[in-house]
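A short write-up of the structure that comes next.
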Amino acid sequence: MSVNDNFQQAKQQYEKWGVSVENAIEKLKNVSISIHCWQGDDIAGFEVNQQELSGGIDVTGNYPGKAVNPEQLRSDLEKALSLIPGTHKINLHAIYAETDGEFVDRNELEPKHFTNWVNWAKENNLGLDFNPTLFSHPKAADGLTLAHPDEEVRDFWIQHCIKSRRIGEYFGKELGQSCLTNIWIPDGYKDIPSDRLTPRKRLKESLDEIFAADVDETYNIDAVESKLFGIGSEAYVVGSHEFYMGYALKNNKLCLLDTGHYHPTEVVSNKISAMLLFSDKLALHVSRPVRWDSDHVVIFDDELREIGLEIVRNNAIDKVMIGLDFFDASINRVAAWTIGTRNMIKSLLYALLLPHDYLKQLQEEGNFTDRLALMEEFKTYPFGAVWDYYCEKMGVPVKEQWLDEIKKYEKAVLSHRE
């Protein structure tokens, strides 16, 4: 049977429950995923004085074909985007600036150092998001940045974050869509601290100074991101979830939830509805923690489906800014982007094909038997046939055909890189 034949059969099954498959597809077309650039080069960046990766971050594997310059990275992103349905954004870190061989420290970065990225984004109909890079730098060598006891070090990072917000504003103006500029810091201690409060006071004061700088919120949206622990900060992280949730709510900033930044028994899907009660918008970094914040490639697992369900069933597609954050150097990096992003989109389609109003009604009536039975039965409904139809309609490969394109690209391009 053809893709369309399978789709028509699936459509009939969903419509029996009042689910409009066409409406689901139309909604999905408008979803923009922020795809992180750093999967393509193992978070190396393009700084002239490139530093060894630090800040509790590690990338394992040595699969051949890593991008080593901006042109290669953009080429790899273009290949991945050609295999992913929809129109999306690219998420940059400050270390991806292009300075024409001149050393420019991070507190001196300007919009002009990202002109090539903006021109490329315009050519490819893409938005851009941004992140200041507060790791892999001599002034972050002791694991402290915005909460550092040394005022000079703190000021360096404050200025870097202010410059980053202005770069985000530049992206938004040039591309006609808001840039999410997200601040994450590695600050913390390896062992039990004697004072938890003072570093958090310093972090709060640093953030206050950063956000006091005049940046047009029409073009730049500010977010702050927490973490439970990191390598070298196992006992205490200054920017905890409670700290940033409180700061974001009090100061009208977005709280960004990273799926790997919580205790292994916590899930971000369970936090989305609670956060949306108090915030107009919410930001996500979707990753896959395996026992810890290991940033594995996103797969179509239970938690990813629950994230999709929470976004859709709460009518929050326009309220949740979805970004990805994983890095795996043990497999083809372009394939990693493709697998992870397609899975994120799949989770939203899966959620769009459920009769949420009816399932909510069953819960309100206390009919938990029917609720459980139907939620389980829908797991084997033919959503894959709708996904194949959507991919074909959007002009990207159906099923595993995209893997053939990756193999061709690896043979023609990646295998020739040193």
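The values are calculated or read from the model by the stated rules, or taken from the named source; none is laboratory data. A quick note: this is a predicted structure, and the numbers were derived from the prediction, not measured. For neighbour counting, all protein chains shown are included, and Cβ atoms are generated from backbone atoms with ideal geometry for every residue, glycine included.
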Go through segment 292-306 and count every residue that is of a type in the set (A, V, I, L, M, F, W, C), buried (at least 20 other Cβ atoms within 10 Å of the Cβ) and out of contact with any Ser or Thr (no Cβ under 6 Å at 6 or more places or on another chain).
2
For segment 280-291, which residues satisfy the criterion of being surrounded by 12 or more Cβ atoms within 10 Å (Cβ to Cβ) and either on the phi > 0 side of the Ramachandran plot or in contact (Cβ under 8 Å) with a residue 40 or more places away in the chain (or both)?
K281, A283, H285, V286
Residues that are among the aliphatic types (A, V, I, L, M), closer than 22 Å to D302 by Cβ and either part of a helix (DSSP H, G or I) or within 29 Å of the chain's Cα centre (by Cα) (or both): does segment 399-407 have at least one?
no
Among the residues of segment 65-93 satisfying the criterion of being of a type in the set (S, T, N, Q) and under 16 Å from the mean Cα position of the chain (by Cα), which is surrounded by the most Cβ atoms within 10 Å (Cβ to Cβ)?
N91
Would you confirm whether or not segment 52-64 contains a residue that is closer than 23 Å to D129 by Cβ, at pLDDT below 95 and more than 22 Å from the chain's Cα centre (by Cα)?
no
Matching residues, segment 150-191, being in contact with a strand residue (DSSP E or B) (Cβ under 7 Å, 6 or more places away or on another chain), outside any helix (DSSP H, G or I) and of a type in the set (A, V, I, L, M, F, W, C)
C179, L180, I183, W184
A careful count of residues in segment 171-186 that are under 17 Å from N119 (Cβ atoms), surrounded by 22 or more Cβ atoms within 10 Å (Cβ to Cβ) and over 17 Å from the mean Cα position of the chain (by Cα) gives 2
Kindly provide the set of residues from segment 266-280 that are in a loop (DSSP other than H, G, I, E, B), more than 15 Å from the chain's Cα centre (by Cα) and not small (G, A, S), ordered by number.
E266, V267, L277, F278, D280
If you take the residues of segment 347-358 that are in contact with a helix residue (DSSP H, G or I) (Cβ under 6 Å, 6 or more places away or on another chain) and assigned to a helix (DSSP H, G or I), which of them is farthest from P382 (Cα to Cα)?
H356
Just one of the numbered conditions (1) out of contact with any strand residue (DSSP E or B) (no Cβ under 8 Å at 6 or more places or on another chain); (2) surrounded by 12 or more Cβ atoms within 10 Å (Cβ to Cβ); (3) in a loop (DSSP other than H, G, I, E, B) is not true of G45; which one?
(1)
